[in-house]
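The structure under discussion appears below in the form of structure tokens.
Every read-out reported here was derived from the displayed coordinates using simple, explicitly stated rules and does not represent laboratory data. Since the structure is predicted, the reported quantities are computational estimates derived from the model, not experimental observations. Methodologically, a virtual Cβ is constructed for each residue, glycine included, from the backbone with ideal geometry; neighbour enumeration extends over all protein chains shown.
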Amino acid sequence: MAGNPFLLAPEVNANPLLSDSWSRCQRYGLDPATEDFPRLGAGELADRLASHRGLQQLAQPVVEALSRQVADLQSVVILSDPDGLVLHTLGDTQALQKAQRVALAPGNLWSESGRGTNAIGTALAIDDGCEIDGRQHFLTRNQNLYCAAMPLQRPDGSIAGVLDISGPANFPHQHTFGWVKAAAKQIEYLWVKQSLHPEQWLMSLHRQVDKLDSVEELLLVFSDNVLTAGNRLAMREFGLSAAQFGQLTFASLFPTLTQTAVSVPLPLTTPQDRYHYRLRAPTRRRVAVSAPPAMHLPFTSPREGEKLLRLLNAGIALCIEGETGSGKEYVSRTLHRHSRWRSGKFVAINCAAIPESLIESELFGYQPGAFTGASKNGYIGKIARLTAGCCFLMRSAICRWRCRPASCASCRRKRSLRWAPVAACR
């Protein structure tokens with residue numbers, strides 16, 4: 001990269017968030033003057049839209065209300081996926097310059113590595129909200145924009161996408177960042193409430209009793225006595241991470257309480273602060289079932305199996321290695337049977353049984369007419385069709401090198417709302 005891009009915006013150095021982002025852009029090898037921007041084709045975009053339909057439906061009422069709120073600012077509201085891909089744009093796009101309209105349309109990828117410092121990509125990079133104004137953008141092409149964005153978090157703690165407001169940099173935007181944060185908070189609040197199962201406990205807390213039953217309350221969800229979900233407010237308040245879902249119990253979080261229904265707000269003192277809380281009991285009790293048999297895994301110590309189970313419950317993909325006949329699939333099935341994913345299917349895919357030339361299309365699908373003999377309707381692919389449970393890729397080492405990154409990405413992103421980790425073996 002020619003020259004020092006920091007010279008383009010000296011004010012960046014005074015803001016750690018911006019200077020860190022610009023440093024990352026330098027490491028990405030981005031040229032501030034580039035005009036080459038990543039964008040998906042119509043077929044790929046259609047697949048992405050289909051896979052994120054649930055997010056769009058949940059966010060739609062909030063997005064529509066937010067677009068009316070920013071109408072006077074000639075701004076648009078954008079919903080992206082966890083990669084920064086624009087899924088939906090709503091607002092008066094005619095007020096934008098033609099280049100801005102094109103850049104903010106669905107199909108554009110606004111990751112920080114592809115578009116430099118920008119609100120969507122940088123919010124994903126730091127897992128927090130941010131606003132980027134004018135010359136704070138790393139790429140010169142984006143410096144006529146103002147953008148404010150906030151990541152959207154699923155109840156299980158994973159990132160579902162980003163909510164963004166973008167418009168001309170020459171308009172006043174004193175309240176825009178606050179609006180987008182409030183809207184994201186509302187979406188996450190609704191997501192926890194709407195995803196609650198009748199068998200689950202819901203705990204709501206706040207320092208002020210009049211803030212209960214509002215988007216400001218902290219929400220924690222328990223299946224039996226195990227913490228399984230919560231909103232961002234509660235996770236930040238109690239220092240929780242997504243990896244702790246499925247691990248912590250009600251008693252470990254609130255040792256002074258008994259897990260009984262509380263309909264009238266009661267006081268609660270924790271190491272964090274004093275709160276008022278309610279605890280909603282399940283509206284339908286689980287059917288009593290016998291406890292699953294103890295795990296019997298071919299390890300020298302039971303602790304090894306328990307450690308693997310904790311990793312799987314935390315949403316971490318496992319790579320199980322061993323010679324033929326050593327019990328890799330047995331281990332995977334046993335872990336699935338005892339994991340929090342046990343209500344879903346266990347799907348074993350033998351990569352060695354799929355012709356090498358077809359393995360990518362079998363696992364990840366293809367677009368209509370992608371190759372000779374391809375279905376005119378395309379093919380979704382075995383992995384893309386999974387919605388719950390665990391996937392076990394047998395003999396994954398035979399996958400071609402260019403196929404492996406996609407497998408790894410599937411393990412990492414777990415796109416579907418209830419998707420379990422991929423268990424890969426070789």
### Query
Taking square-rooted eigenvalues a ≥ b ≥ c of the alpha carbon gyration tensor, is the stretch 5-193 rounded, prolate or oblate, where a/c under 1.5 means rounded and, failing that, a/b exceeding b/c means prolate?
rounded
### Task
Starting from the Cα gyration tensor of the stretch 23-118, take the square roots of the eigenvalues, sort them a ≥ b ≥ c, and report rounded, prolate or oblate (rounded when a/c is under 1.5, otherwise prolate if a/b is larger than b/c, else oblate).
oblate
### Task
Between Lys98 and Glu306, with labels modelled 7 Å along Cα→Cβ, what's the label distance in nm to one decimal, could you check?
6.7 nm
### Förster-model FRET efficiency, 45 Å R0, Gln74 and Ser241, C-beta, rounded to 0.05
0.70
### Query
Between Ala281 and Asn15, what is the FRET efficiency for a Förster distance of 45 Å, r being their Cβ-Cβ separation, to the nearest 0.05?
0.45
### Query
Arranged from highest to lowest average of other beta-carbon atoms within 10 Å per residue, in what order do the peptides 264-277, 19-32 appear?
19-32, 264-277
### Task
Would you mind classifying the stretch 196-280 by shape? Square roots of the alpha carbon gyration tensor eigenvalues, ordered a ≥ b ≥ c; an a/c under 1.5 is rounded, otherwise it is prolate if a/b is larger than b/c and oblate if not.
rounded
### Task
Could you calculate the contour length gain from Leu49 to Gln174, that is, 0.36 nm times the residue separation minus the distance between their Cα atoms, to one decimal place in nm?
41.8 nm
### Summary
Looking only at aspartates and glutamates whose Cα falls under 16 Å of Lys181's and that sit 8 or more positions away or on another chain, we get Glu64, Asp127, Asp128, Glu131, Asp164, Glu216, Glu217
### Summary
Projecting the Cα atoms of Phe177, Gly167, Gln153 onto the charge dipole of the stretch 118-195, where Lys and Arg contribute +1 and Asp and Glu -1 at Cβ, the residue farthest towards the positive end is Gly167
### Message
On a full-extension model of 0.36 nm per residue, what is the gain between Ser113 and Thr260, subtracting their alpha-carbon distance, rounded to one decimal in nm?
### Response
48.1 nm
### Query
How much length is gained if the chain between Asp273 and His197 is pulled fully straight, taking 0.36 nm per residue apart and subtracting their Cα-Cα distance, in nm to one decimal?
24.5 nm
### Summary
Amide H neighbours of Asn350 at under 5 Å, excluding residues fewer than 5 places away on the same chain, with H built from the backbone geometry, are Met394
### Estimated FRET transfer efficiency (Ser252, Asp213; beta-carbon r; R0 35 Å; 0.05)
0.85
### Query
Can you list the residues, at least 5 places off or on another chain, whose amide H is less than 5 Å from the amide H of Gly161, using H built in the peptide plane?
Leu152
